[in-house]
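The values are calculated or read from the model by the stated rules, or taken from the named source; none is laboratory data. Just so it is clear, the model here is predicted, and its values are computed rather than measured. Here the Cβ positions follow ideal geometry from the backbone for every residue, glycine too, while neighbour counts run over all protein chains shown.
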């Protein structure tokens with residue numbers, strides 16, 4: 001069954017859908033129903049199982065069989081709680097340093113400004129944007145890895161800005177004008193990582209609706225489209241990676257990921273206090289929850305100081321590219337299990353690194369929580385943590401996909417299939 005057929009089937013039959021967040025530390029499975037009439041997702045079942053240490057590395061799958069085993073357990077729990085026997089469709093998140101997201105803009109001068117923009121002309125412009133974006137991402141990955149033969153594929157795309165003669169509009173069809181500017185956000189991932197995800201879903205016996213870049217899913221969870229005043233930096237700190245998304249003027253400008261997350265802090269703690277990984281993880285969680293004595297809290301804080309500094313350097317490098325073009329948003333929204341570490345927020349508020357980047361105003365930090373989801377409703381009462389935001393974001397993307405009868409989205413979807421992957 002093709003992509004569009006799957007979406008239509010979900011809409012017509014009200015099938016339950018699975019959102020699968022294959023995290024480095026925990027696999028999270030949400031079973032939800034799509035209420036297409038109200039554009040809502042209703043979560044009816046949740047399953048969470050901790051990963052085995054060798055299953056993931058820096059956000060990427062390293063043991064397919066191990067991940068399948070844990071994923072099946074999480075899905076079975078979610079299905080049992082939801083009271084359903086089968087889940088037919090799934091959307092799965094992907095992370096990792098080589099998952100890249102960027103916004104590409106093409107400026108197009110029309111020969112006849114009085115002629116109304118038609119479908120063929122608009123399709124041609126978007127096709128040019130997509131080809132330019134593919135080449136740009138390919139060059140970036142080749143530069144970072146030193147390898148020019150890494151195969152990549154487009155996984156997410158969204159039109160973030162359309163302007164005609166400087167005026168911002170939603171749909172350029174039927175408009176007249178001389179200068180057309182179209183910006184499209186694209187997320188790419190290496191085919192080797194995508195192949196691993198596809199193998200996992202095939203082993204689970206579920207049809208794959210989409211693979212999504214997780215920072216893209218997190219950012220889209222907040223309904224900012226059309227709000228030209230919305231500006232924010234999203235930071236999702238998982239077990240193996242930290243994912244960043246920057247939104248400016250109501251448009252997703254780009255995403256960045258780097259391989260440093262909560263697992264690095266746990267390993268450092270295990271090494272310093274000479275305990276195994278599991279005990280160190282429990283100690284880290286209790287530290288984050290404020291359950292340790294004052295003496296132990298201060299000790300753990302000192303142990304984490306260097307790691308927080310290194311993590312902050314990663315944030316600085318990731319945001320440096322965005323600050324070259326304009327001032328950075330001062331609103332920072334954090335989520336993920338690692339965001340609960342007290343030293344993380346303290347590091348972000350330190351003046352040491354803020355002077356190196358250009359912010360609109362001094363940053364204000366808050367946490368992105370499940371209740372902030374624009375169109376996902378939790379009927380289980382189990383989604384209470386910042387760790388639950390990412391799978392909810394994945395569920396939200398299914399709603400977005402089900403609305404793809406929109407003209408621009410339809411054109412963009414066809415352009416995605418025409419990009420010349422070499």
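Annotations
- The listed residue being buried (at least 17 other Cβ atoms within 10 Å of the Cβ), at pLDDT below 85, under 22 Å from the mean Cα position of the chain (by Cα) and not assigned by TED's automatic domain parsing to the domain that holds residue 285, out of 408, 397: 408
- Just so you know, in segment 98-124 the residues that are in contact with a helix residue (DSSP H, G or I) (Cβ under 8 Å, 6 or more places away or on another chain) and within 20 Å of residue 245 (Cα to Cα) include one that is surrounded by the fewest Cβ atoms within 10 Å (Cβ to Cβ), and it is 105.
- Filter result for the condition that a residue is buried (at least 20 other Cβ atoms within 10 Å of the Cβ) and either modelled with pLDDT of 95 or more or in the same structural domain as residue 21 (by TED's automatic domain parsing) (or both), over 328, 333, 319, 341: 333
- The set of residues in segment 261-279 being surrounded by 14 or more Cβ atoms within 10 Å (Cβ to Cβ) and outside any helix (DSSP H, G or I) consists of 261, 275.
- Residues in segment 122-154 that are more than 30 Å from residue 179 (Cα to Cα) and part of a helix (DSSP H, G or I): 141, 142, 143, 144, 145.
- Residue check, residue 30 in the same structural domain as residue 386 (by TED's automatic domain parsing) and at pLDDT 95 or above: yes
- Test for residue 44: is it touching a residue at least 12 places away in the same chain (Cβ under 8 Å) and part of a strand (DSSP E or B): yes
- Test: residue in segment 139-162 that is surrounded by 13 or more Cβ atoms within 10 Å (Cβ to Cβ), farther than 27 Å from residue 91 by Cα, modelled with pLDDT of 85 or more and not assigned by TED's automatic domain parsing to the domain that holds residue 92: yes
- Within segment 106-138, being over 25 Å from residue 210 (Cα atoms) and under 25 Å from the mean Cα position of the chain (by Cα) holds for one residue alone: 106.
- Scanning segment 240-255 turns up one or more residues that are in a loop (DSSP other than H, G, I, E, B), surrounded by 19 or more Cβ atoms within 10 Å (Cβ to Cβ) and modelled with pLDDT under 95.
- Reported count of residues in segment 184-200, each being surrounded by 22 or more Cβ atoms within 10 Å (Cβ to Cβ) and modelled with pLDDT of 90 or more, is 2.
- Residue list for segment 350-374, filter: free of Cβ contacts under 8 Å to residues at least 60 places away in the same chain and part of a helix (DSSP H, G or I): 351, 352, 353, 354, 370, 371
One line per residue, one yes/no per condition, for (1) in contact with a strand residue (DSSP E or B) (Cβ under 9 Å, 6 or more places away or on another chain); (2) touching a residue at least 60 places away in the same chain (Cβ under 8 Å):
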position: 299; (1), (2): no, no
position: 303; (1), (2): no, no
position: 308; (1), (2): no, no
position: 317; (1), (2): yes, no
position: 320; (1), (2): no, no
position: 329; (1), (2): yes, yes
position: 344; (1), (2): yes, yes
position: 391; (1), (2): yes, yes
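- Filter pass, residue 377 being in a strand (DSSP E or B), touching a helix residue (DSSP H, G or I) at 6+ places or on another chain (Cβ under 7 Å) and either in the same structural domain as residue 48 (by TED's automatic domain parsing) or touching a residue at least 60 places away in the same chain (Cβ under 8 Å) (or both): no
- A single entry from 180, 218, 184 fulfils the requirement of being farther than 29 Å from residue 85 by Cβ and under 15 Å from the mean Cα position of the chain (by Cα): 218.
- Filter result (out of contact with any strand residue (DSSP E or B) (no Cβ under 8 Å at 6 or more places or on another chain) and either modelled with pLDDT of 95 or more or in a helix (DSSP H, G or I) (or both)) within segment 206-228: none
- Meets criteria (in the same structural domain as residue 40 (by TED's automatic domain parsing), at pLDDT 90 or above, over 17 Å from residue 158 (Cα atoms) and buried (at least 19 other Cβ atoms within 10 Å of the Cβ)) for residue 233: no
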